[in-house]
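Only one structure is covered here, and it is reproduced in the block below.
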Amino acid sequence: MSDADLIATTKKGRGKMPAYAGKLTDAQIADVVTYTRTLQKK
Ligand code: HEM
């Protein structure tokens, strides 16, 4: 997924996953997406 897709899913939630808009700031959501990219195996 693109960063934009990951950010949108984190904000809106999906299925049983809660939405994070209003719980995390946009900056915090962008940070968590950046962090998960660091876990990716190359
Ligand atoms: C800030 C922390 C989190 C981030 C960045 C995040 C991100 C994501 C993303 C991007 C997806 C979509 C994956 C896909 O479509 O393949 C997803 C799915 C999911 N997440 Fe999270 N998540 C977070 C926290 C949580 C928490 C705390 C829970 C449990 C309470 C949770 C439960 C789920 C579930 C159950 C799905 C699958 C939803 C479905 O497709 O039905 N997530 N998450």
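Throughout, read-outs are computed from the coordinates displayed, never taken from laboratory work. Worth saying up front: this structure is predicted, and the values here are computed from it rather than measured. Reconstructed Cβ throughout: ideal geometry from the backbone, glycine too, with neighbour counts over all protein chains shown.
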| over 9 Å from the mean Cα position of the chain (by Cα), within 11 Å of the ligand (Cβ to nearest atom) and part of a helix (DSSP H, G or I) - does that describe any residue in region 2-11? | no
| If you go through region 30-42 one residue at a time, how many are among the hydrophobic types (A, V, I, L, M, F, W, C) and near the ligand (Cβ under 7 Å from one of its atoms)? | 2
| message | Return the residues of region 1-27 that are among the polar types (S, T, N, Q) and surrounded by 12 or more Cβ atoms within 10 Å (Cβ to Cβ); say none if nothing qualifies. | response | 9, 10
| message | Would you confirm, using the coordinates I've provided, whether residue 19 is within 11 Å of the ligand (Cβ to nearest atom) and in a loop (DSSP other than H, G, I, E, B)? | response | yes
